[in-house]
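This report concerns only the one structure given below.
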Amino acid sequence: AGIIPSASMLRSKQRENWWSQPLQVHTCIKPLTVGGNADNIQTPADENCPATDEADSEVTDGIYLAGFRRSFRLWRRTSYRRRRQSCSSCSPDTSTLCPPYEEVALYQRPPQENHRLIILLGATRVGVNELRKNLIKLNPSSFQSPVPHTTRPMRAGEQTGREYHFITRELFEYMVCNHRFVEYGEFKGQLYGTSTDSIDDVLRRGRMCIIDVEPHSIQPLRSKKLKPFVIFIKPPAADRLRETRRNARILLSCRETREFREEDFVNLEETSRLIEEKYKQFFDFTLENNELQESCRKLYSIIKEAQEEEQWIPVSWSR
Ligand code: 5GP
């Protein structure tokens, strides 16, 4: 373990057909507390797992071979463990956590299949929201956001089913209990949430569904059905950010965006760094939001590529 195999070792492993044997993701691995960075790869293993030694001795090969086959970018992002035996002491609960090493496969979305869900994520919902709204405004026939549910009263000029589905707290809680929300939260005493049905609704219409969520909501959204493509929106450096905020307020109406306070600028960089560190293994793309219009154009082409070209996805989503 710890030694990167030489090219001749790799060739001999290739001859042995080493990687064509069935692979099984080991589920008793504790999740990474920091992002999946090849320079900082941890191989936490369950002390009670009888197969731990074998797993650790093979993981370096796994990491390297994944990179060898699949590009440097993926080498940094993914890897997988080979298991020849299952571990009887693995807790069933841990199988729902994302393993630190994930087997990936190439996927090309068939034209008859729904679009992949596009998840935008960032340190501030404000910047991400602006990007999402602007993108939809520029391409209303291609992109749409699901209509969220809320328990807050309807305001003048709003319509149920347009801005929100306005429902009672009882119904909202009933929907929570029945796992009808992919994410939900409370704001000023009112509940807000995005339902699976509202996402399905957008996808069934053949549009690309874009949502922005809190980082902790990514994990429950990672499913074979939605095949989410996660884009991390990274803020620019603080000085540049001050400038872009001014421009965004001029471009969009001030009602649609809000002014940043000085402490927002200070916190933003640190929050963004922490999110990146903790959730990096889920990101399919990182976009630096330097300037709204330029970022929007870039976002459009990234999303098009995600929907139309071959992409790496967890192998369990492709079977
Ligand atoms: P408003 O009541 O002014 O329309 O929205 C208040 C807040 O609710 C906003 O900060 C907005 O981000 C949040 N919100 C709107 N929709 C959702 C949603 O689907 N899920 C969550 N968690 N928050 C939402």
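The values are calculated or read from the model by the stated rules, or taken from the named source; none is laboratory data. Since we're looking at a predicted model, the values are computed, not measured. Here Cβ is always computed from backbone atoms with ideal geometry, including for glycine, and neighbour counts include all displayed protein chains.
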(Q) Of all residues being over 21 Å from Asp212 (Cβ atoms) and acidic (Asp, Glu) in the stretch 164-200, which is farthest from the ligand (Cβ to nearest atom)? Just the residue, please. (A) Glu170
Q: Could you please find all residues in the stretch 284-308 being modelled with pLDDT under 95 and assigned to a loop (DSSP other than H, G, I, E, B)?
A: Asn289, Asn290, Glu291
(Q) Which residue is nearest to Gly161 (Cα to Cα), if the candidates are limited to the stretch 183-196 and must be modelled with pLDDT of 95 or more and surrounded by fewer than 17 Cβ atoms within 10 Å (Cβ to Cβ)? (A) Gln190
**Q.** Subset of the stretch 255-270 that is part of a helix (DSSP H, G or I) and within 26 Å of the chain's Cα centre (by Cα) - its residue that is modelled with the highest pLDDT
**A.** Glu270
Q) Counting just the residues of the stretch 201-233 that are assigned to a loop (DSSP other than H, G, I, E, B) and within 15 Å of the ligand (Cβ to nearest atom), which one comes out surrounded by the most Cβ atoms within 10 Å (Cβ to Cβ)? A) Val213
Q: Could you pull out the residue among Gly157, Gly206 that is at positive phi and in contact (Cβ under 8 Å) with a residue 60 or more places away in the chain?
A: Gly206
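Provide a single number: the residues in the stretch 152-186 that are of a type outside the set (S, T, N, Q) and out of contact with any strand residue (DSSP E or B) (no Cβ under 9 Å at 6 or more places or on another chain). Steps first, please.
As a first pass, look at the stretch 152-186 and keep what is of a type outside the set (S, T, N, Q): 152-158, 161-167, 169-177, 179-186.
From what's left, out of contact with any strand residue (DSSP E or B) (no Cβ under 9 Å at 6 or more places or on another chain): 155-157, 161-162, 170, 174, 177, 179.
Total satisfying the criteria: 9.
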(Q) Step by step: first the residues of the stretch 133-161, then only those that are at pLDDT below 95 and among the basic types (Lys, Arg), then the one that is surrounded by the most Cβ atoms within 10 Å (Cβ to Cβ). Which residue is that? (A) Lys133
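Given the condition at pLDDT 85 or above, at negative phi, aliphatic (A, V, I, L, M) and within 16 Å of the ligand (Cβ to nearest atom), answer yes or no: does some residue in the stretch 237-252 qualify?
Taking the stretch 237-252 first, the residues at pLDDT 85 or above are none.
The answer is no, given that none of the residues of the stretch 237-252 is at pLDDT 85 or above, at negative phi, aliphatic (A, V, I, L, M) and within 16 Å of the ligand (Cβ to nearest atom).
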Q. Going by the conditions given, is Gly127 crowded, with 17+ Cβ neighbours inside 10 Å and within 15 Å of the ligand (Cβ to nearest atom)?
A. yes
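Restricting to the stretch 162-182, name every residue that is surrounded by fewer than 16 Cβ atoms within 10 Å (Cβ to Cβ) and either closer than 25 Å to Leu120 by Cα or of a type in the set (D, E, K, R) (or both). Show your work before the answer.
Pass one, the stretch 162-182, residues surrounded by fewer than 16 Cβ atoms within 10 Å (Cβ to Cβ): 162-163, 168-171, 173-174, 176-179.
Within the stretch 162-182, Arg162, Glu163, Arg169, Glu170, Glu173, Val176, His179 meet the criteria.
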